[in-house]
């Protein structure tokens, strides 16, 4: 069997440079944007260190500090491997040492993804660990190294201007110099919870996709399994879309944009698996 290059799309779309169709150019542009988002998440996580982790970063809290960056890096590598498996490499190569190598790298990525989920959960526990603020007058803390809660990972220093935005009673994140009122703390908790929910849904989704790849590689992927997995993935995609919309409303545009791109990217992987399955069925019929 020759290299599998997604023949259905090559037939439906006029090839562009280097033999790529318009659809494939669009798909790989999405992949490139997700890679660039990794750089943005590294900047965001690093920027939150001075206020959220005044004692510095060490091996014990590294995964918590860079949970978003580590998670994104693992997903980028995992996405590219899925693309190789479902749209580029032949079945023979996937059953050779190349396939075993890719599976080993994927196993490492899965480990980081699960570890990142633990990081999101740890961050949720840390932002829900509150104590009453000793000083209820936020303006009295201006210029003393204290910060206020603006959003998840956004803790600007308290100034004479922004201190007036806090409405008591004030609470403090335990072991930090970060305070907030009921409104800002509720937002912080909601964003942290959605992070945990989103990460958990992605783990279930990618586990299902991995199972489909294994079954398809050994020609065990049945129509009944595809139909059942379609409904499960529909629910998971609804959860992920809901998280993205929530981030658009109460979070940052970067979070929404990143979530939207990931949804599109894994829809491409879904299409790749369906094309792969159809191709195998056609070959079996022939």
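The values are calculated or read from the model by the stated rules, or taken from the named source; none is laboratory data. All of these numbers come straight from a predicted model, not from anything done at the bench. Note: ideal-geometry Cβ built from the backbone for every residue, glycine included; neighbour counts use all protein chains shown.
Listed here are the residues, each with its yes/no results for (1) out of contact with any helix residue (DSSP H, G or I) (no Cβ under 9 Å at 6 or more places or on another chain); (2) within 24 Å of residue 76 (Cβ to Cβ); (3) in contact (Cβ under 8 Å) with a residue 12 or more places away in the chain.
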{"position": "183", "(1), (2), (3)": "yes, no, yes"}
{"position": "190", "(1), (2), (3)": "no, no, yes"}
{"position": "200", "(1), (2), (3)": "no, yes, yes"}
{"position": "205", "(1), (2), (3)": "no, yes, yes"}
{"position": "258", "(1), (2), (3)": "no, yes, yes"}
{"position": "286", "(1), (2), (3)": "yes, no, no"}
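Going by the structure shown, is residue 179 touching a strand residue (DSSP E or B) at 6+ places or on another chain (Cβ under 6 Å), at pLDDT 90 or above and crowded, with 18+ Cβ neighbours inside 10 Å? Taking the combined requirement at face value, the residue satisfies it. One residue alone among 214, 179, 239, 232 is in a helix (DSSP H, G or I) and either over 30 Å from residue 89 (Cβ atoms) or under 14 Å from the mean Cα position of the chain (by Cα) (or both), and that residue is 239.
If you check residue 79 against the conditions, is it modelled with pLDDT of 90 or more, within 21 Å of the chain's Cα centre (by Cα), over 20 Å from residue 196 (Cβ atoms) and surrounded by 18 or more Cβ atoms within 10 Å (Cβ to Cβ)? Yes; evaluated as a whole, the condition is true for this residue. Counting the residues of the stretch 131-149 that are surrounded by 14 or more Cβ atoms within 10 Å (Cβ to Cβ), in contact with a helix residue (DSSP H, G or I) (Cβ under 7 Å, 6 or more places away or on another chain) and not in a helix (DSSP H, G or I) gives 4.
Yes or no, residue by residue, for (1) surrounded by 19 or more Cβ atoms within 10 Å (Cβ to Cβ); (2) touching a helix residue (DSSP H, G or I) at 6+ places or on another chain (Cβ under 7 Å):
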residue	(1), (2)
66	yes, yes
90	no, no
93	no, yes
120	yes, yes
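All of 185, 203, 214 fail the test of being more than 24 Å from residue 126 (Cα to Cα) and at pLDDT 90 or above, apart from 214.
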